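Undergrad: Following this message is one structure expressed as structure tokens.
Read the figures in this text as sums done on the coordinates, not as results from a lab. Being a predicted model, the structure only gives us computed values, none of them experimental. Glycine also receives a Cβ, built like all others from the backbone with ideal geometry; neighbour counts cover every protein chain displayed.
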Amino acid sequence: MPSMLAAVLHDFDDLRLEQVPIPRAEEVGDVVVRIKACGFCATDYKAIKGIRRNVKFPTIVGHEPSGVVAEVGPGVEHFHVGDEVIVQPLGHCGFCRHCRVGNTHYCEHAFCTGGDGPENVWPGAFAEYMRTKEICLYHKPPAISFDAAAITEPLAGAWKGVIHHSQMQIGDDVVIIGVGSIGLLCMMVAKAAGAARLIAIDTSDYALRNAVALGATHAINPAKEEAKKRVYEIIPSGPDLIVEAAGPIEAVRLMVDLRRRGTRWNVFGITTHEAFSLDGGLTHFLEGRMDASFGTTPLAMSKAIRLMETGLVDTEKIISHRFPLSQMHEAVAVMGSAERNKVIVQP
Ligand SMILES: [Zn+2]
Ligand SMILES: [Zn+2]
């Protein structure tokens with residue numbers, strides 16, 4: 001049986017580079033993709049390190065891949081061997097009540113390649129080959145590199161949060177709390193959509209430097225200055241939209257504190273189960289609107305591909321490190337370091 005190199009996670013903190021059988025496209029709709037690049041998401045790092053515990057072993061993580069179709073199974077009509085593709089990690093049925101109204105990320109029959117979310121997790125893309133379904137594939141335009149294309153899924157998530165759910169409009173004053181790679185993508189989407197003042201907030205000066213280089217008009221480090229005071233000095237009338245893309249509960253609390261009347265605010269980054277409180281009457285009279293957003297949809301994937309293809313968002317700009325799959329352990333170490341942005345693994 002032909003074999004391939006894969007980074008197999010046998011237990012928390014037990015990631016092994018080993019030879020495993022190449023998956024086959026045997027069932028209806030199956031496609032096997034030769035992986036060219038895969039983004040290293042914090043979710044993957046959390047699985048490797050045991051920070052998130054919903055992992056069944058052994059598994060292969062990595063859910064932000066691009067590659068080339070290597071084999072197609074029965075019934076596959078729209079993709080052929082040799083096609084360059086981008087893979088959406090979430091597979092959806094297309095027929096349940098959620099899929100029928102476009103919320104494919106709520107699908108009752110979902111599976112996920114290498115990621116977090118549904119119960120049904122398939123081996124992911126920190127491997128030379130990966131099996132998925134035709135419905136998860138998107139044609140990669142030639143203008144987009146495989147590395148840039150590996151950032152389609154997070155960019156799609158950023159578009160879905162900022163534009164689709166929070167309805168950012170041209171001229172909005174926008175605050176992004178947390179400008180790691182996903183926050184930077186939110187920021188780049190907001191910039192492309194015509195943000196007026198675009199304020200980046202982060203406790204890392206490294207992240208803030210990246211944000212300013214990519215278009216933030218102002219940078220605030222809440223560890224060094226009073227964030228709310230600074231935001232209201234810059235925008236005396238307060239933000240139109242705040243996106244929390246950080247994760248820690250303190251970031252959500254800061255977002256709640258930054259609201260003025262009519263502010264839209266998006267609980268985007270936090271995934272842990274921690275509480276924050278809202279003053280009922282104040283929330284009533286602020287007439288603010290809370291949004292949240294997770295995952296991606298075919299609509300968001302299509303928009304992200306168009307943003308990259310036309311140069312409105314250049315995802316290459318957030319890549320700080322590239323590693324071949326054989327250096328997977330170095331990639332993991334960099335993920336745990338402070339001075340990194342998007343890490344790409346090339347199987
Ligand atoms: Zn991810
Ligand atoms: Zn469905």
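Undergrad: Given the Cα-Cα distance of ILE51 and GLU233 and 0.36 nm per residue of separation, how much length would full extension add, in nm?
TA: 61.7 nm
Undergrad: Pairs of alpha-carbon atoms within less than 8 angstrom and 6+ residues apart define the contacts here; what relative contact order does the chain have, in percent?
TA: Worked out over the chain, it gives 17 percent.
Undergrad: Extension gain ASP205-ARG253, at 0.36 nm per residue separation less the Cα-Cα distance, in nm?
TA: 15.2 nm
Undergrad: Separation of segment 51-68 and segment 119-182 by C-alpha centroid, Å?
TA: 16
Undergrad: Now, a different point. Note down the nm distance, to one decimal, between modelled labels 7 Å out along Cα→Cβ at LEU299 and at ASP13.
TA: 4.4
Undergrad: Now for a separate question. Of all trypsin sites (Lys or Arg not before Pro) in segment 214-257, which ones are in loop regions per DSSP and have a Cβ with at most 14 other Cβ atoms within 10 Å?
TA: Counting only loop positions with at most 14 other Cβ atoms within 10 Å, the trypsin sites (Lys or Arg not before Pro) in segment 214-257 are LYS224.
Undergrad: Can you tell me what percent of all Cα-Cα pairs in segment 139-199 are more than 12 Å apart?
TA: Value for segment 139-199 (Cα pairs over 12 Å): 67 percent.
Undergrad: Could you tell me which of VAL121, ALA6, GLY67 has its Cα farthest along the dipole of segment 1-143 towards the positive end, charges placed at Cβ (Lys, Arg +1; Asp, Glu -1), taken about the Cα centre?
TA: Result: VAL121, furthest along the dipole toward the positive end.
Undergrad: Count neighbours as other Cβ atoms within 10 Å of each site's Cβ, and list the trypsin sites (Lys or Arg not before Pro) in segment 37-128 that are DSSP loop with at most 16 such neighbours.
TA: ARG53, LYS56
Undergrad: Based on a Kirkwood Rh over C-alpha pairs, give the Stokes-Einstein translational diffusion coefficient of segment 1-143 at 25 °C and viscosity 0.890 mPa s in µm²/s.
TA: 159
Undergrad: Going highest first, how would you order 176-189, 124-137 by mean Cβ packing within 10 Å?
TA: 176-189, 124-137
Undergrad: From the backbone phi of segment 162-170, what are the Karplus-calculated ³J(HN,Hα) couplings (6.51 cos²θ - 1.76 cosθ + 1.60, θ = phi - 60°) in whole Hz, Gly and Pro given as x?
TA: 6, 9, 6, 7, 8, 6, 4, 10, 4
Undergrad: Once segment 197-347 is represented by equal point scatterers at the alpha-carbon sites, with solvent omitted, what log10 I(q)/I(0) does the Debye formula produce at q = 0.08, 0.12, 0.18, 0.20 Å⁻¹?
TA: -0.29, -0.66, -1.31, -1.44
Undergrad: Taking 8 Å as the Cα distance limit and 6 or more residues as the minimum spacing, I'd like the relative contact order of segment 236-347 as a percentage.
TA: Relative contact order comes out at 19 percent.
Undergrad: Provide the gained length on full extension for the span GLU108 to ASN120, in nm with one decimal, where the gain is 0.36 nm per separating residue minus the Cα-Cα distance.
TA: Using 0.36 nm per residue and subtracting the Cα-Cα distance, I get 3.2 nm.
Undergrad: Output ³J(HN,Hα) for segment 123-135: one whole-Hz value per residue in order, computed from phi by the Karplus curve 6.51 cos²θ - 1.76 cosθ + 1.60 with θ = phi - 60°, and x for Gly and Pro.
TA: Once rounded to whole Hz, the list reads x, x, 10, 7, 7, 5, 9, 9, 8, 9, 10, 3, 5.
Undergrad: Now a separate question. With no solvent and one point per C-alpha, what does the Debye sum give as log10 I(q)/I(0) for the chain at q = 0.10, 0.15 Å⁻¹?
TA: Result of the Debye calculation: -0.59, -1.27.
Undergrad: I would also like to ask the following. Just to verify a number: FRET efficiency for SER320 and HIS139, C-beta to C-beta distance, R0 = 25 Å, to 0.05?
TA: Rounded to the nearest 0.05, the efficiency is 0.35.
Undergrad: Among all helices in the chain defined by DSSP H, which have a length of 15 Å or more along the axis from Cα atoms plus a Kyte-Doolittle mean of at least 1.0?
TA: Taking the DSSP H segments of the chain (at least 15 Å long, mean hydropathy at least 1.0), we get 181-192.
Undergrad: Is it possible to state the helix-based mean residue ellipticity at 222 nm for the chain, with each DSSP H run of 4+ residues giving -39500 (n - 2.57), the sum divided by total residues, to the nearest 500 deg cm²/dmol? What is it?
TA: Mean residue ellipticity, 222 nm, calculated: -7000 deg cm²/dmol.
Undergrad: Given labels modelled 7 Å from the Cα in the Cβ direction, how far is it in nm from GLU274 to LYS224?
TA: 2.3
Undergrad: If you don't mind, another one. Are any of the pairs LYS46/LYS317; LYS133/LYS317; LYS191/LYS317; LYS191/LYS303; LYS228/LYS317; LYS229/LYS342 more than 21 Å apart by Cα-Cα distance, and if so, which?
TA: Beyond 21 Å between Cα atoms: LYS46/LYS317; LYS133/LYS317; LYS228/LYS317; LYS229/LYS342.
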